[in-house]
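For reference, the structure is listed below as structure tokens.
The values are calculated or read from the model by the stated rules, or taken from the named source; none is laboratory data. Predicted, not measured: the structure shown is a model, and the values here were computed from it. All Cβ positions, even for glycine, are placed from backbone atoms using ideal geometry, and neighbour counts span all protein chains on display. The area values use the complete protein model at the heavy-atom level, side chains included, leaving out ligands, DNA and RNA. Shrake-Rupley method; radii C 1.70, N 1.55, O 1.52, S 1.80 Å.
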Protein chains: 2
Amino acid sequence: MASSSDALSNLYPTPADATPEEFGTVAVLGGTGPQGRGLGRRFAAAGVPVILGSRDAGRAQQAAQPMADAGLPVSGADNAAAAAAARIVIVAVPYDGHGDLLKSLSAELAGKIVVDCVNPLGFDKQGAYQLAVEAGSAAQEAAAALPDSTVVAAFQNVSAVLLEDETRETVDTDVLVLGEDREATDLIGRLADLIPGMRGIFAGRLRNAGQVEALTANLISINRRYKAHAGIRVTDI
Amino acid sequence: MASSSDALSNLYPTPADATPEEFGTVAVLGGTGPQGRGLGRRFAAAGVPVILGSRDAGRAQQAAQPMADAGLPVSGADNAAAAAAARIVIVAVPYDGHGDLLKSLSAELAGKIVVDCVNPLGFDKQGAYQLAVEAGSAAQEAAAALPDSTVVAAFQNVSAVLLEDETRETVDTDVLVLGEDREATDLIGRLADLIPGMRGIFAGRLRNAGQVEALTANLISINRRYKAHAGIRVTDI
């Protein structure tokens, strides 16, 4: 199974193996950015059909083409068509405009599991910092914008550089998965488990998503100091 | 060296070895609580003289006695005397009253490195959650209360249960160290390195301390779900 490379299974007890079939098609809004493209490619490499979404269908198809040429089950579409075609929709767009985009897609996203990966961060000379978000977090903003969807927060802290680095077979980091719906958080945890090296770990309700999003600012500080692509592992599990 | 058990040094590049002499005496305000007592015992076990502080000198001496009986360099004193005698002062008190305590000790803490480990968390039936802090974080509140001290944020996410478990030789977790003063954050990073299994890692300025404090709420959710004493490791460094 993809989720249990030999080296990793020696270090960590592997959860029940995930299979690509259980996820249906996964759409990635913002699928032409590094984070969305990287996640899409990793899911597709694990056997999950992926639709990269973008405001512009042509750009999405352009981003998908090299992956499709490499034999991966990836296609491109505009955000609305991508959302409509999938069971699980990853939101990997910039924070700016995030709430408005989701509201505009609320019909397409109704009944779906929406996975918010968005980090509300500002940047200045001293680096990155958490932006004030009235709802508490981008994920809670998504939940408020999408009353008919099941919102999960995950994948905020995963390095886009590592996701996109095709020379790396594994992405050795844990993914904190937050949400109110146990079935949905379990499913998205298993989706993370599909990527070799990655573990999905339930880490609380959406009210505790803000600090996970903001932790990316700390990882950026760590990257700057140590010249790294830092992520986190949870110890003792 | 304490900071480089053989198993660990295989996994992680060890920073320049720390020596107990470079830290002087370390005081722990709130040294009778599980976190303070656990940190104090671990520092003392690494050879650093520790004074456990408490509102009540008698209670502090009582907490120190079993460690002193075991041959560790630990004594107890009231918070003010402990603060006055140390170069590095760890603040491991409950969030409630934290700002007032620090203001009352501002003379004793002037010129010292003050390490804030405090987590402003609330608890209800659904678990732990971040409290709103006007200054942004407990650490920033400490910095505002102590203009003549150098405030560092660290040790917020370390399990008190693991710290206090004498059967565990190592505490296998990283410590995120935040602050404005490079010399102070480096020193406190090395203090963390002294505890076997632990690494101190610079993780940004104090404005990014709030999410590190709040992350403890996620660790509490993880502990509940997985029956663990979770901590974090930073990957790729």
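The table below lists the values:
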read-out: Among (1) within 17 Å of A:Arg37 (Cα to Cα); (2) open to solvent by 60 Å² or more (accessible area, probe 1.4 Å), the one test that A:Arg205 misses; value: (1)
read-out: Neighbours by Cβ (under 8 Å, 6+ apart or cross-chain): first from the stretch B:226-237, at the interface with another protein chain (Cβ under 7 Å from one of its Cβ atoms); second acidic (Asp, Glu) and part of a loop (DSSP other than H, G, I, E, B); value: B:Ala228/A:Asp236; B:His229/A:Asp236; B:Ala230/A:Asp236; B:Gly231/A:Asp236; B:Gly231/B:Asp172; B:Arg233/B:Asp172; B:Thr235/A:Asp172; B:Asp236/A:Asp172
read-out: Among the residues listed as B:Ala44, B:Ala18, the single one being open to solvent by less than 20 Å² (accessible area, probe 1.4 Å) and modelled with pLDDT under 95; value: B:Ala18
read-out: Check on B:Gly76, open to solvent by less than 20 Å² (accessible area, probe 1.4 Å), at pLDDT 95 or above and under 14 Å from the mean Cα position of the chain (by Cα); value: no
read-out: Which listed residue is more than 13 Å from chain B (Cβ to nearest Cβ) and of a type outside the set (Ser, Thr, Tyr), from A:Leu187, A:Leu176; value: A:Leu187
read-out: In the stretch A:218-237, the residues that are under 17 Å from the mean Cα position of the chain (by Cα), open to solvent by less than 20 Å² (accessible area, probe 1.4 Å) and not β-branched (Val, Ile, Thr); value: A:Leu219, A:Ala230, A:Gly231, A:Arg233
read-out: Output for the stretch A:49-62, where each listed residue is under 17 Å from the mean Cα position of the chain (by Cα) and either in contact (Cβ under 8 Å) with a residue 60 or more places away in the chain or open to solvent by 20 Å² or more (accessible area, probe 1.4 Å) (or both); value: A:Pro49, A:Ile51
read-out: Subset of the stretch A:93-127 [in a loop (DSSP other than H, G, I, E, B), open to solvent by 20 Å² or more (accessible area, probe 1.4 Å) and either among the charged types (D, E, K, R) or in contact (Cβ under 8 Å) with a residue 24 or more places away in the chain (or both)]; value: A:Val93, A:Pro94, A:Tyr95, A:Asp96, A:Ala110, A:Gly111, A:Lys112, A:Asn119, A:Lys125
read-out: Of residues in the stretch B:128-145 being on the phi < 0 side of the Ramachandran plot, assigned to a loop (DSSP other than H, G, I, E, B) and in contact (Cβ under 8 Å) with a residue 60 or more places away in the chain, the one nearest to the other protein chains (Cβ to nearest Cβ); value: B:Ser137
read-out: Failed condition for A:Ala77, given (1) farther than 22 Å from A:Arg199 by Cβ; (2) within 14 Å of chain B (Cβ to nearest Cβ); (3) aliphatic (A, V, I, L, M); (4) touching a strand residue (DSSP E or B) at 6+ places or on another chain (Cβ under 7 Å); value: (2)
read-out: Options A:Ala82, A:Ala144, A:Ala86, A:Ala153: the member that is within 20 Å of A:Gly204 (Cβ to Cβ) and open to solvent by less than 20 Å² (accessible area, probe 1.4 Å); value: A:Ala153
read-out: Flag for B:Leu163 being more than 23 Å from B:Gly231 (Cβ to Cβ) and either touching a Cys at 6+ places or on another chain (Cβ under 6 Å) or open to solvent by less than 10 Å² (accessible area, probe 1.4 Å) (or both); value: no
read-out: So B:Ala139, is it within 30 Å of B:Arg225 (Cβ to Cβ) and touching an Asp or Glu at 6+ places or on another chain (Cβ under 8 Å); value: yes
read-out: A:Arg41 vs. criteria at negative phi, in contact (Cβ under 8 Å) with a residue 40 or more places away in the chain and outside any strand (DSSP E or B); value: yes
read-out: Selection within the stretch B:146-172 - within 14 Å of another protein chain (Cβ to nearest Cβ), assigned to a loop (DSSP other than H, G, I, E, B) and in contact (Cβ under 8 Å) with a residue 24 or more places away in the chain; value: B:Ala154, B:Gln156, B:Asn157, B:Val158, B:Ser159, B:Thr170, B:Val171, B:Asp172
read-out: Conditions (1) within 11 Å of another protein chain (Cβ to nearest Cβ); (2) over 26 Å from B:Glu22 (Cβ atoms); (3) under 14 Å from the mean Cα position of the chain (by Cα): number failed by B:Arg207; value: (3)
read-out: Which numbered condition B:Leu29 fails, given (1) more than 11 Å from the chain's Cα centre (by Cα); (2) at pLDDT 75 or above; (3) open to solvent by less than 20 Å² (accessible area, probe 1.4 Å); value: (1)
read-out: Hey, A:Ile195 more than 21 Å from A:Ala143 (Cα to Cα), touching a residue at least 24 places away in the same chain (Cβ under 8 Å), buried (at least 24 other Cβ atoms within 10 Å of the Cβ) and more than 9 Å from every other protein chain (Cβ to nearest Cβ) or not; value: yes
